[in-house]
1. What is the packing order of peptides 148-158, 230-240, 172-182, taking the mean over residues of other C-beta atoms within 10 Å and listing the highest first?
2. Using a 10 Å cut-off on Cβ atoms, rank the peptides 337-349, 10-22, 272-284 from the highest mean neighbour count down.
3. Report, in debye and to the nearest 20, how large the dipole of segment 163-298 comes out about its Cα centre when Lys and Arg carry +1 and Asp and Glu carry -1 on their Cβ.
4. At a probe radius of 1.4 Å, what is the per-residue accessible area of LYS170, in Å² to the nearest 10?
5. Using the Karplus equation 6.51 cos²θ - 1.76 cosθ + 1.60 (θ = phi - 60°), what ³J(HN,Hα) coupling, rounded to whole Hz, does each residue of segment 83-90 give in order, writing x for Gly and Pro?
6. If you place +1 on the Cβ of every Lys and Arg, -1 on the Cβ of every Asp and Glu, and leave all else neutral, what size is the dipole of segment 90-224 about its Cα centre, to the nearest 20 Debye?
7. Of all beta bridges DSSP finds with both residues in segment 72-217, what is the antiparallel percent, to the nearest 5?
8. Ignoring ligands, DNA and RNA, what accessible area per residue does the chain give at 1.4 Å, in Å²?
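The values are calculated or read from the model by the stated rules, or taken from the named source; none is laboratory data. What you see is a predicted model, and the numbers here were worked out from it, not measured in a lab. Note that we place each Cβ from the backbone using ideal geometry, even for glycine, and neighbour counts take in every protein chain shown. Only protein heavy atoms, including side chains, enter the accessible area calculation; ligands, DNA and RNA are left aside. Shrake-Rupley method; radii C 1.70, N 1.55, O 1.52, S 1.80 Å.
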Amino acid sequence: MAQMRRQSLVKFDAPLCETIVETPKPQGREVLVRIERCGLCHSDLHIQDGYADLGNGKKLDTTRGMTLPFTLGHEIAGVVDEVGPDGDKSLIGKKMAVFPWIGCGQCRDCLNGDENLCARNRFLGVSIDGGFASHVLVPDQKYLIDYGQVPVDTAATLMCSGITAYGALKRLVDRPRQRNLLLIGLGGVGMMGVSLAQAMFKQPITVADLSASARDAAVKNGASAAYDPTEADIAKRIIKETDGGFDGIVDFAGNEKSMAFATSVVARGGKIVVSGLMGGNFNLPMVQWIYKRMTVEGFMTGTLAEAEELMALARAGKVKPTPMKEEPMGDVQKWIDQLRAGKVVGRIMLTN
């Protein structure tokens with residue numbers, strides 16, 4: 001039996017290390033994909049930690065139900081090596097992106113097409129072994145998406161940073177007020193948001209981030225303006241320069257400071273979509289919430305149908321490239337450390 005190499009979580013809050021196991025044999029409609037690229041996502045850090053920050057010193061335990069060693073990684077693209085006995089043999093050898101937000105297939109949400117909301121999910125790299133490996137076992141061939149002539153790095157990132165940014169931005173489409181749009185947080189998802197927003201909206205795209213290099217990269221990639229949210233009196237300046245604030249905001253950071261900034265610069269009647277998972281606690285006086293008539297919606301990942309929509313946009317050439325850097329799969333822990341330190345602009349793409 002051929003062997004499969006993995007960069008595995010063997011202890012929470014500890015570095016990943018290589019483990020070697022027998023390559024799994026696909027059953028039923030399962031598919032074995034040989035991984036060419038897997039993106040490093042900030043949520044991988046939370047899984048490695050074993051908790052999410054709830055603010056005020058509280059933590060959400062994310063270790064329950066997980067069996068170690070465990071393989072992280074959910075932004076996957078590769079080549080179909082083998083299919084189960086009930087699968088389509090013609091898929092063997094084809095290059096595919098892998099949709100990772102897989103549900104149980106039986107609950108109300110799954111039957112409604114919302115597998116990303118499933119409480120008994122089988123998310124690749126989150127609930128079941130993922131893509132920091134030479135191969136990944138995909139539960140069903142329907143989760144493979146043909147990416148055509150799209151670059152393999154882009155195809156992989158569309159499955160998380162892409163679908164997260166796309167789904168979050170979709171929540172702002174067709175709103176009655178569409179003067180302007182602000183994207184907060186310019187990590188891998190935020191940079192993808194800058195790219196997609198230009199294809200989805202006609203209004204100018206403004207960004208905000210603590211990092212000057214990230215702001216510069218966003219402007220080079222199409223943002224019309226960039227703000228440092230730590231500048232003195234920045235909210236007053238923005239309200240003045242935008243004639244009342246932003247009608248639509250996506251917070252790709254998702255922490256206490258980013259949300260405080262978002263609520264300070266949202267226009268009356270505006271909407272904030274929160275997609276980041278950096279954590280903390282969000283507080284807002286009820287009077288201010290009502291006075292501003294603001295809407296706040298949480299969002300994480302998208303559906304299989306939305307992933308197909310997004311890939312169709314990419315195949316049509318409507319998704320601009322975002323900053324990415326290819327690094328060997330074996331160096332994943334090095335880049336996890338760099339990501340924690342805030343020293344990564346764009347996406348690290350791990351290669352086999």
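1. Numbers: 148-158: 21.5, 230-240: 12.7, 172-182: 15.6.
Final packing ranking: 148-158, 172-182, 230-240.
2. Working: 337-349: 17.2, 10-22: 13.9, 272-284: 18.9.
The densest-packed peptide leads the list: 272-284, 337-349, 10-22.
3. On the way: 16 positive and 12 negative charges, 94 e Å.
With Lys and Arg at +1 and Asp and Glu at -1, about 460 debye.
4. Near enough 70 Å² of accessible area.
5. Once rounded to whole Hz, the list reads 10, x, x, 9, x, 8, 5, 5.
6. Values: 14 positive and 10 negative charges, 88 e Å.
Dipole magnitude for segment 90-224 comes out near 420 debye.
7. Values: 7 of 12 bridges.
Expressed as a percentage, antiparallel bridges in segment 72-217 total about 60.
8. Numbers: 15770 Å² over 352 residues.
I get 45 Å² per residue for the chain.
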